[in-house]
Amino acid sequence: MPPPSLATTRHRPARENILMLMNTQALAGDPTDGEPAAPDRRAGKRHQSVLLIGKVRRGPTTTVCLVHDISRNGLMGRFPTPPSVEEQLVIEVRGLPPIVATVRWVMGRKAGLQFAEPQPVEHVFRLTLEDGLVARPPRFPIDAPAIVRVDGGRFTAQIFDISAGGAKLATEAVVAPGQTGQVTLVDTGTAMFGRICWTRSKLFGFRFCSPLPLDVLSHILS
């Protein structure tokens, strides 16, 4: 896709759905800074500025990107490690199924992707899907030990999946929704503050106070 001017999931309601889906025109500065010129922009190719975490499959590797701009035919995103022009990958963002895409341009850590098929991009901006379930950012499966500190207590847990907005953990300790504190990854030392939002048997969900930055999430996944 020609570079724009700027820039699935489902289940429970989540505060990150609103935090991660916001207009970035006032936050991003000069929308053309560091990007190739786009003199051939065509009428009707409307691109909408967003901040969305994307799940990217590059061959056998799963990584993350931050989507700044999206349309029915493609997107512009920032990657921890930039892809190569003409590389084909699969990307997933909230509200849409996994999409096959081809890299058309790269500028620094930003890249423009063209979708193999047009997508119903309006679904990205819905909080609920057609079946009534709530759309949520992509989850990334991991298996990592963690130390949890909530309401003055301390116990060990295992993280089974993570997103920019929260994580799912398992523990032998007794926990309850509403408890606040922090989860610290043993392997990276990354501390994430938030609260327990649900429990089920030995599992519980931990919602972060603020979304994880791209580089932090990428570091956790690597």
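Nothing in this text is a laboratory measurement; each read-out follows from the coordinates by a stated rule. Computed from a predicted structure; not experimentally measured. Virtual Cβ from ideal backbone geometry, glycine too; neighbours counted across all protein chains shown.
For ARG58, ARG200, ARG94, the sequence from fewest to most other C-beta atoms within 10 Å is ARG200, ARG58, ARG94.
Expressed as a rounded percentage, what relative contact order does the stretch 65-175 have, with Cα pairs under 8 Å and six or more residues apart? Across the stretch 65-175, relative contact order equals 18 percent. In this rough spin-label picture, where each label sits 7 Å from Cα along the Cβ direction, the THR81-THR199 distance is 4.1 nm. The mean sequence distance of close C-alpha pairs (under 8 Å, at least 6 residues apart), as a share of the length of the stretch 140-221, puts its relative contact order at 27 percent. Here the dipole of the stretch 140-221 is about 280 debye; that uses its Cα centre as origin and unit charges on the Cβ of Lys and Arg (positive) and Asp and Glu (negative). Residue ranges 111-121, 149-159 sort as 111-121, 149-159 when ordered by packing (mean number of other C-beta atoms within 10 Å per residue, highest first). Rounded to the nearest 0.05, the FRET efficiency derived from the C-beta distance between PHE155 and ARG57 at R0 = 41 Å is 0.75. Each of ALA173, VAL216, MET192 was placed along the dipole of the stretch 140-221 (beta-carbon charges, centred on the mean Cα), and the one lying farthest toward the positive end is ALA173.
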